[in-house]
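Please treat every number below as a calculation from the coordinates, not as lab data. Please read all numbers here as calculations on a predicted model, not as lab measurements. All Cβ positions, glycine included, derive from the backbone under ideal geometry; neighbour counts span all protein chains shown.
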Amino acid sequence: MSQLDAHVVILGAGHAGGTAAALLRQYGHTGKITLIGEEPIPPYQRPPLSKAWLKGEADADSLALKPLEFYAEQDIDFRPGCTAVKLARSDRAVTLSTGETIGYDILIIATGMRPIRLPIEGADLGGVHTLRTAADAEAIKADLAPGKRLAIVGGGYIGLEVAASARALGAEAVVLEREPRILARSACEALSNFFRDYHLARGVQFELGCAVARFVGENGHVTGVELADGRIVPCDAILVGVGATPNDEIARDAGLECARGIVVDLEARTADPSVFAIGDVTHRPMPHYDRMFNPESVPSALEQAKQAACAIVGRPAPAPEVPWNWSDQYDLKLQIAGLPFDADRILLRGDPAGAKFAVFHLKGDQVQAVEAVNAPPEFMMGKMLIANRKPVDPAKLADPSISMKEVTA
Ligand code: FAD
């Protein structure tokens, strides 16, 4: 049997798994493809869940990567509402929650991540949410209305996007952050301060440097968050947005190497030649930075879906991409290229007061990362500079009167 005839089983029908199935067919894979999905609906985009979709500006159909008919038309055996519970690599077989065992020639693990839940009193009260799935977003939306107050534990991008969406729906939002600033894990101080001030001006409240002790409630529904100093922050609902953890247990139990996720190479291969892993569940190489990391983003999931599909059908491996990501809050479009690893200096281009600027992270005279707010040329050219490892003149880069084209010439 050639690789093109192989039965490919994909665990996880999310952005990565759904894309891999479609790419395999696009690249001429003729063998059986089975796509196992825990959720009841076909693969969909998660980014709108905290943004347009939560605000009611996008319908459920627009979330889907492909319409349901696509899978039957492409002879992809899509099994929704079904979980893979065990992987037996020696038998090349996966056991499903239905009790069925499916054999594979090639397995792609694309099980993504799940939100971290706080192990505190009151975590099971009604109105306490996390956000990963369309069902989660539906439940949060039902709790957002004028006069309602949402407490958001964790000032990361998802929390801030939900705060902006809550305000758009007329609800109140208060962000509770353990660190002294929001976005502490992911953004530089200048950007953190800019987003804090932008949200404050739109009515979002912040409690920074606070520790959440427990959630309090009445009749099984949350009514507030108790902080470690004893204060109660009243609320009608809570979003816990404190990060996510890879769904890699099935791989760990099967003896595949895992770190923060399943360890893969630049073809999305594990050490087992029959097993690939893609998307948020992986611990993947970042060739531009000579290290392993997962940016937990759609572009990374798409890149790895392509790497796996190419390897399976025998196409050359695609060139490594610069990681990138985005966030939409109010009228702000933040675009991020690269990762600020090893940067020794931060350079501001433009004026945050005008809500149009970029923060460049430099290592010597090379750009490692750029965070661009309403500044697409800075994002695009910054991404190109990272890809080419081209040195820049920091004085020119910091001067917005010099075009990015000239800076990169
Ligand atoms: P997922 O899309 O999570 O898919 C994994 C699927 O596998 C899930 O359906 C899960 O239920 C299923 N599964 C898990 N275990 C099993 C099992 N044992 N058997 C069968 N199925 C299983 N990224 C950006 O780049 N930009 C953004 O603006 C952005 N915004 C986001 C906003 C929100 C609210 C969220 C939640 C994420 C956002 N992301 C964003 C991240 C992005 O959505 C993820 O990086 C991307 O979805 C990763 O794709 P994936 O296929 O690896 O994982």
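The ranking of ILE116, ILE312, ILE109 from fewest to most other beta carbons within 10 Å of each one's beta carbon is ILE116, ILE312, ILE109. Dividing the helix sum by the residues of the chain, where each DSSP H run of 4 or more adds -39500 (n - 2.57), gives a mean residue ellipticity at 222 nm of -6500 deg cm²/dmol. Taking the charge dipole of the chain about its Cα centre, with +1 at Lys and Arg Cβ atoms and -1 at Asp and Glu Cβ atoms, the residue from SER327, GLY279, VAL240 reaching farthest to the positive side is SER327. Under conditions of 20 °C and 1.002 mPa s, the range 331-408 yields 178 µm² s⁻¹ as its translational diffusion coefficient, taking Rh as the Kirkwood radius over Cα pairs in the Stokes-Einstein equation. How much net charge surrounds ALA58 when only the other residues with a Cβ under 14 Å from the Cβ of ALA58 are counted, with Lys and Arg +1 and Asp and Glu -1? Net local charge, ALA58 excluded: -2. Full extension of the segment from ALA123 to ALA135, taken as 0.36 nm per residue of separation minus the current Cα-Cα distance, would add 2.5 nm.
Toward the positive end of the charge dipole of the range 117-242, with +1 on the Cβ of Lys and Arg and -1 on the Cβ of Asp and Glu, the farthest Cα among ALA187, ALA168, VAL222 is that of ALA187.
Using just the C-alpha positions of the chain as equal point scatterers, what log10 of I(q)/I(0) does the Debye formula give at each q in 0.06, 0.07, 0.11 1/Å? Cα-only, vacuum Debye calculation for the chain: -0.26, -0.36, -0.89. Classify the range 109-237 as rounded, prolate or oblate from the Cα gyration tensor: take a ≥ b ≥ c as the square roots of its eigenvalues, call it rounded if a/c is under 1.5, otherwise prolate when a/b beats b/c and oblate if not. The shape class here is rounded.
Rounded to the nearest 20 debye, the dipole size of the range 122-189 about its Cα centre is 80 debye, using +1 on the Cβ of Lys and Arg and -1 on the Cβ of Asp and Glu.
In plain terms, the residue of MET286, MET384 with the fewest other Cβ atoms within 10 Å comes first and the most crowded comes last, giving MET384, MET286. Dipole magnitude for the range 117-242: computed about the Cα centre from +1 point charges on Lys and Arg Cβ and -1 point charges on Asp and Glu Cβ, it is near 240 debye. Tell me the net charge near ALA145. Cut-off is 13 Å between Cβ atoms, ALA145 excluded, with +1 for each Lys or Arg and -1 for each Asp or Glu. In short, +2.
For the chain, a Gaussian network of Cα nodes joined below 10 Å ranks LEU131, LEU11, LEU23 by mean-square fluctuation, and the top entry is LEU23.
Of LYS55/LYS363; LYS333/LYS396; LYS306/LYS383; LYS51/LYS383; LYS51/LYS306; LYS55/LYS356, which pairs sit farther than 31 Å apart, going by alpha carbon to alpha carbon? Distance filter (> 31 Å) returns LYS55/LYS363. Taking other residues whose beta carbon is less than 15 angstrom from the beta carbon of ARG269, and scoring Lys, Arg as +1 and Asp, Glu as -1, yields -2. Reducing the range 251-278 and the range 78-133 to their Cα centroids gives an inter-centroid distance of 16 Å. The region of the chain that goes longest without hitting one of the trypsin sites (Lys or Arg not before Pro) in a DSSP loop, each with at most 11 other Cβ atoms within 10 Å, is 186-388.
Considering only LEU49, LEU332, LEU191, the Gaussian network model of the chain with Cα springs below 10 Å gives its largest mean-square fluctuation to LEU332.
The charge dipole of the chain, taken about its Cα centre with unit charges on the Cβ of Lys, Arg, Asp and Glu (plus for the first two, minus for the last two), comes to roughly 580 debye.
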